[in-house]
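A.B. asks: One structure is given below, represented as structure tokens, and several questions about it will come after.
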């Protein structure tokens, strides 16, 4: 299956905020949400306008769940701004920035962009993906 791939576009400040939140979450995985415009079909365009750092309700170094209260706050704020939630990010504390089997199983919004920050090495690495019907497709990331 092939589908259109957006480019995930973050400002330097947004990228730094995502990485800082992931580092602050250690030793557990950290997570958060992205808001931005979506097209007529509800597909993420990839342009991030707001980053919402959230609590990992799992409190785990191997899994994450965005805290439901944080999710509701982000949804309401995005709607108030005329935006949509367009993606989620989380950290991998000891593995590469590639979706795990758990990440793929939990990817329930095919229109979203799923970003992973690997903290495996000294320099964090952020990569992004679309996940549809269990199929993983990498999307480009631009930090301006």
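Bear in mind these aren't lab numbers, they're just calculated from the coordinates by the rules spelled out. Note that this is a predicted model, so its numbers are computed, not measured. Don't worry about glycine lacking a Cβ; one is built from the backbone with ideal geometry, like all the others, and counts go over all protein chains shown.
A.B. asks: Relative contact order (percent) for region 1-123, with alpha-carbon contacts under 8 angstrom and 6 or more residues of separation? It would help to have the intermediate numbers written out before the result.
C.D. replies: On the way: 231 pairs, mean separation 32.2, N = 123.
Dividing the mean separation by the residue count of region 1-123 yields 26 percent.
A.B. asks: Starting at 0 and stepping by 10 Å, how many percent of the alpha carbon pairs of the chain end up in each bin?
C.D. replies: 13, 46, 36, 5, 0
A.B. asks: May I ask you to derive the relative contact order of region 1-59, considering only C-alpha pairs under 8 Å and at least 6 residues apart, and to give it as an integer percent?
C.D. replies: Taking the mean separation of contacting Cα pairs over the length of region 1-59, I get 37 percent.
A.B. asks: Give me the one-decimal nm value for the distance between modelled label points at residue 122 and residue 140, 7 Å along each residue's Cα-to-Cβ direction.
C.D. replies: Result for the modelled spin labels: 3.0 nm.
A.B. asks: Can I ask one more? Radius of gyration and Dmax for region 6-70's Cα atoms, expressed in Å?
C.D. replies: Radius of gyration, then largest Cα-Cα span, for region 6-70: 13.0, 40 Å.
A.B. asks: I need to check one value: relative contact order of region 93-144, counting alpha carbon pairs closer than 8 Å and at least 6 residues apart, in percent.
C.D. replies: With pairs under 8 Å counted, the relative contact order is 33 percent.
A.B. asks: With viscosity set to 0.692 mPa s and temperature to 37 °C, compute the Stokes-Einstein D of region 74-144, Rh being the Kirkwood radius across alpha carbon pairs; µm²/s, no decimals.
C.D. replies: My calculation gives 251 µm²/s for D.
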